[in-house]
Amino acid sequence: MRHCVRVEPGAETASVRKSAMLDASGESVFSSVLRANQLRARISSNATYCDNWTEPEPATEHGTFHLIDTGMCWVDAAELEAPVRLSAGDLIVFPQGAAHTLRGDPGARFTSMLCGEFEFATGKRNAIVDALPACFVVHEQDSGMQFRQLAQLMLHEARSTSFGSRAILDKMADTLFVMAVRHHIEHAPERRGLLAALCDPRLVRALEAIHGQPGKEWTVASLAETAHMSRTAFANHFAGVLGAGPIEYLTQWRMSEARRLLSDPRTSVAAVAADLGYRTEAAFRRAFKRVTGVGPGVVRRQERRPEGTA
């Protein structure tokens with residue numbers, strides 16, 4: 001079971017933050033994964049509670065989050081070792097949409113918050129969500145100036161009746177999620193999966209090569225050379241951190257890129273196959289269906305379907 005990462009306010013040290021900072025290679029890989037998976041976030045409600053209140057939140061197929069505006073509240077969830085107390089400016093994120101319960105704090109007569117959800121066009125399973133815990137918290141006092149300014153701007157916009165506020169909030173919710181993930185990378189006591197690899201100077205070199213040139217005929221040996229490791233040590237380390245071997249990861253990344261490229265109706269399936277290193281369109285179609293469970297044509301039709309239709 002995945003558990004919530006809970007860092008006590010004020011507990012982070014400068015040395016921890018510095019050790020987890022991403023270099024240019026990590027930034028490049030992270031940006032490419034976000035682009036390929038097509039993050040979509042939105043604000044679902046601007047809620048206010050008073051006195052003794054309880055709000056059960058059922059499990060969902062998408063990620064959820066709560067940004068506290070005023071007051072205080074407690075959060076209970078099966079993934080939490082103990083209830084978490086949130087104050088104004090704090091954010092809690094449930095990347096896999098785990099069930100949880102919000103409840104009032106006796107010290108706060110009124111509590112207001114922005115509630116939102118996010119998902120990826122490629123589905124619930126992707127490298128970013130897989131690397132995140134069941135929930136994590138960003139405390140306002142440890143969040144950094146940029147995060148605090150964005151949160152305050154969102155909360156101010158939520159109180160506004162100006163035209164376009166909902167669209168503006170949804171766009172800012174995208175940024176809020178990315179900044180929350182960045183905070184998690186920099187402050188979490190443990191990282192795993194893609195987020196751990198981004199902080200590994202050897203693995204991130206190989207990932208940058210894969211993400212930058214997915215169509216190249218990579219081998220375990222050539223990737224190991226890029227990472228400045230022996231073939232065996234590299235293969236074992238890569239699989240141990242990312243949960244998949246280098247070539248399996250390469251194939252999965254190619255299919256993620258294929259989904260993004262197929263969203264452009266001007267790009268033929270044959271062109272996508274060639275860009276991603278497949279010698280024939282048939283070979284690409286077989287690989288795509290093996291990894292995704294559907295053919296490229298199905299994905300293309302889904303991309304063309306107007307939002308909200310069955």
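Identify all residues within region 272-284 that are surrounded by 15 or more Cβ atoms within 10 Å (Cβ to Cβ) and not in a helix (DSSP H, G or I); write none if there are none.
Answer for region 272-284, where residues must be surrounded by 15 or more Cβ atoms within 10 Å (Cβ to Cβ) and not in a helix (DSSP H, G or I): Leu276, Gly277, Tyr278.
Out of Glu225, Glu248, which single residue is without any contact (Cβ under 8 Å) to a residue 12 or more places away in the chain, exposed (fewer than 15 other Cβ atoms within 10 Å of the Cβ) and either in a helix (DSSP H, G or I) or on the phi > 0 side of the Ramachandran plot (or both)?
It is Glu248.
Tell me whether region 193-213 contains one or more residues that are free of Cβ contacts under 8 Å to residues at least 12 places away in the same chain, of a type outside the set (D, E, K, R) and within 30 Å of Ala244 (Cβ to Cβ).
Yes, that holds for at least one residue.
Would you confirm whether or not region 256-276 contains a residue that is of a type in the set (Lys, Arg) and at pLDDT 95 or above?
No: region 256-276 contains no residue that is of a type in the set (Lys, Arg) and at pLDDT 95 or above.
Can you name the residue in region 105-140 that is in contact with a Ser or Thr (Cβ under 9 Å, 6 or more places away or on another chain) and assigned to a helix (DSSP H, G or I) and, of all such residues, is surrounded by the most Cβ atoms within 10 Å (Cβ to Cβ)?
Restricting to residues being in contact with a Ser or Thr (Cβ under 9 Å, 6 or more places away or on another chain) and assigned to a helix (DSSP H, G or I), the top hit is Ala127.
Across region 57-78, which residue is surrounded by the most Cβ atoms within 10 Å (Cβ to Cβ) among those that are hydrophobic (A, V, I, L, M, F, W, C) and assigned to a strand (DSSP E or B)?
Leu67
Residues being within 24 Å of Ala244 (Cβ to Cβ) and among the small types (Gly, Ala, Ser): count how many of those fall in region 261-284.
Residues flagged as within 24 Å of Ala244 (Cβ to Cβ) and among the small types (Gly, Ala, Ser) within region 261-284 amount to 3.
Yes or no: Arg182 over 21 Å from the mean Cα position of the chain (by Cα) and in a helix (DSSP H, G or I)?
Working: over 21 Å from the mean Cα position of the chain (by Cα): no; in a helix (DSSP H, G or I): yes.
For Arg182, the condition - over 21 Å from the mean Cα position of the chain (by Cα) and in a helix (DSSP H, G or I) - is not met.
So that you can scan it fast, the table gives a plain yes or no per residue for (1) modelled with pLDDT of 85 or more; (2) open to solvent by 60 Å² or more (accessible area, probe 1.4 Å); (3) part of a loop (DSSP other than H, G, I, E, B):
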position	(1), (2), (3)
Pro9	no, no, yes
Arg40	yes, yes, no
Tyr49	yes, no, no
Glu81	yes, yes, yes
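Would you mind stating whether Lys216 is in contact with a Gly (Cβ under 7 Å, 6 or more places away or on another chain), open to solvent by 70 Å² or more (accessible area, probe 1.4 Å), in a helix (DSSP H, G or I) and not aliphatic (A, V, I, L, M)? Spell out the reasoning first.
Numbers: in contact with a Gly (Cβ under 7 Å, 6 or more places away or on another chain): yes; open to solvent by 70 Å² or more (accessible area, probe 1.4 Å): yes; in a helix (DSSP H, G or I): no; not aliphatic (A, V, I, L, M): yes.
No; evaluated as a whole, the condition is false for this residue.
Can you name the residue in region 285-298 that is over 15 Å from Ile247 (Cα atoms), in a helix (DSSP H, G or I) and not charged (D, E, K, R) and, of all such residues, is least open to solvent (accessible area, probe 1.4 Å)?
It comes out as Pro296.
Criterion first (in contact with a Leu (Cβ under 6 Å, 6 or more places away or on another chain), within 29 Å of Thr122 (Cβ to Cβ) and either surrounded by fewer than 17 Cβ atoms within 10 Å (Cβ to Cβ) or modelled with pLDDT of 95 or more (or both)) does Leu22 satisfy it?
Here the answer is no, as Leu22 does not meet what is asked.
Residue pairs, Cβ under 8 Å, 6 or more apart or interchain, first in region 57-68 and touching a residue at least 24 places away in the same chain (Cβ under 8 Å) and under 15 Å from Val137 (Cβ atoms), second among the β-branched types (Val, Ile, Thr) and not in a strand (DSSP E or B). List them.
If the second residue must be among the β-branched types (Val, Ile, Thr) and not in a strand (DSSP E or B), the pairs left are Gly63/Val129.
Based on this model, can you work out whether Ala36 counts as out of contact with any Cys (no Cβ under 8 Å at 6 or more places or on another chain) and small (Gly, Ala, Ser)?
So Ala36 fits the description; yes.
Which residue pairs have Cβ atoms under 9 Å apart, sit 6 or more places apart or on different chains, and have a first residue in region 168-182 that is under 14 Å from Leu132 (Cα atoms) and of a type outside the set (A, V, I, L, M) and a second that is open to solvent by 40 Å² or more (accessible area, probe 1.4 Å) and not in a helix (DSSP H, G or I)?
Arg182/Leu22
Looking at this structure, is Thr101 of a type outside the set (Phe, Trp, Tyr), modelled with pLDDT of 95 or more and open to solvent by 20 Å² or more (accessible area, probe 1.4 Å)?
So Thr101 passes the test.
The values are calculated or read from the model by the stated rules, or taken from the named source; none is laboratory data. Predicted model, so just to flag it, every value in this text is computed and none were measured. FYI the Cβ positions are ideal-geometry reconstructions off the backbone, even for glycines, and counts take in every protein chain you see. Surface accessibility is based on the protein's heavy atoms, side chains included, excluding ligands, DNA and RNA. Shrake-Rupley method; radii C 1.70, N 1.55, O 1.52, S 1.80 Å.
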